[in-house]
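Below you'll find the structure, written out as structure tokens, and then a few comments.
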Amino acid sequence: MATILDGKALAAKCKERVKQEAASLKRTPGLAVIIVGDNPASRVYVNSKRKDCEECGFFSEEYALPESTTQVELIALIEKLNAREEIDGILCQLPLPEAIDEEAVLMAISPEKDVDGFHPMNMGALLVGKEGFLPCTPYGIMEILAEYGIDPKGKHCVVIGRSNIVGKPMALLLLQKHGTVTVCHSRTTNLKEICLQADILVAAVGKVDMVTADMVKPGAVVIDVAMNRNAAGKLCGDVDYPAVSALASAITPVPGGVGPMTRAMLMQNTLLAAQKHQR
Ligand code: NAP
């Protein structure tokens, strides 16, 4: 039976460390969270971010804007927040309403306050191995691997998914740690064969039972990023957990794996931003 990679417990530890470090700063770290419209999933995420800030002793400001907000109005708000000294991090909850150009909004956030790590400056820093904010989900996964002593060095790491926020940065971080990385996507023709070669398999697609036991090498480490609902409405990932956990050496559960670490890394990035701003 696989070791369960307990992201929830690790996240609690990380947040406790963040809280202690934040307490030694001259000024309380501040995070501004913007939500546009009334997407229920986004509302849940924003509420949990507020709770995380409270736990870490940060101050947070929430801007809940109506669906009718224009791009100009949204960017004007971001520019105001960029200019405020007590705001260390700015996060704009995605997805945004269709009429708003997501890329333009993400570009408007100052790279020094881009605690989500989505600004091209931070993405570029990751690409060339320079310091910057790491996207929270792949950052959290690297922390899980480190916590459990799983070293990607020399391992074949297969990432399913190539989004800018998960798949691509995940591949880069594994490469930085000397993994041999293969990235798969919707046009990959021999997905099963490639997955079967993986020592570390990261699934970030968003499809229930995308990864079945016949795609996993016995002893592989399996990281399930996705957050799906199955036919019964229960939260689940991409991986057929009961079957795959019987042959993997380690696996992240859903819920309780990658999700809590994503949230913890947002707090970590906000702390980092505050430390830099107070230098
Ligand atoms: P996304 O932007 O929709 O990307 C999905 C990726 O999966 C794309 O690269 C797509 O390929 C690929 N894909 C789709 N069908 C495939 C198939 N049949 N075979 C192989 N690859 C396939 O999603 P995302 O934002 O990266 O998120 C992925 C999942 O992670 C979602 O379930 C999301 O909810 C979850 N997520 C969880 C957390 C967390 O904290 N736990 C954070 C972020 C996201 P193409 O590029 O070719 O279209």
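Here are the numbers:
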| quantity | calculated |
| --- | --- |
| Spacing of the two label points (7 Å from each Cα toward its C-beta) at K80 and K130, in nm | 3.2 |
| Solvent exposure of segment 200-248 as accessible area per residue, Å², 1.4 Å probe | 43 |
| Relative contact order, percent, segment 165-279 [alpha-carbon distance under 8 Å, six or more residues apart] | 20 |
| Rounded to the nearest 20 debye, dipole of the chain from Cβ charges on Lys, Arg, Asp, Glu | 620 |
| C-alpha long axis of helix 40-56 to longest principal axis of the chain, angle in ° | 70 |
| FRET efficiency for T180 and R229, using Cβ-Cβ distance with R0 set to 35 Å, rounded to 0.05 | 0.55 |
| Low-density loop positions, trypsin sites (Lys or Arg not before Pro), segment 160-220 - DSSP coil, at most 14 other Cβ in 10 Å | R187, K207 |
| Charge dipole magnitude, Cβ of K and R +1, D and E -1 - segment 139-231, Cα centre, debye nearest 20 | 320 |
| Within the accessible area of the chain (1.4 Å probe), percent carbon and sulfur | 55 |
| Descending semi-axes in whole angstrom, ellipsoid equivalent of segment 59-188, from the Cα gyration tensor | 31, 17, 12 |
| 28 Å Cα-Cα threshold exceeded, pairs from K168/K192; K8/K192; K177/K234; K153/K192 | K8/K192; K177/K234 |
| Size descriptor, Kirkwood hydrodynamic radius, that averages inverse alpha-carbon separations across the chain, Å | 19.3 |
| In segment 1-65, the trypsin sites (Lys or Arg not before Pro) that fall in loop regions by DSSP, at most 16 other Cβ within 10 Å | K26, R27 |
| Coordinate range along principal axes, alpha carbons of segment 1-86, Å, largest first | 50, 39, 16 |
| When each of K13/K113; K15/K207; K13/K51 is checked by Cα-Cα distance, pairs over 21 Å | K13/K113; K15/K207 |
| Kirkwood-based Rg to Rh ratio, segment 135-279, C-alpha trace | 0.98 |
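The values are calculated or read from the model by the stated rules, or taken from the named source; none is laboratory data. Keep in mind that this is a model prediction, so the values were computed, not measured. Reconstructed Cβ throughout: ideal geometry from the backbone, glycine too, with neighbour counts over all protein chains shown. Keep in mind that these areas ignore ligands, DNA and RNA; they rest on the heavy atoms of the full protein, side chains included. Shrake-Rupley method; radii C 1.70, N 1.55, O 1.52, S 1.80 Å.
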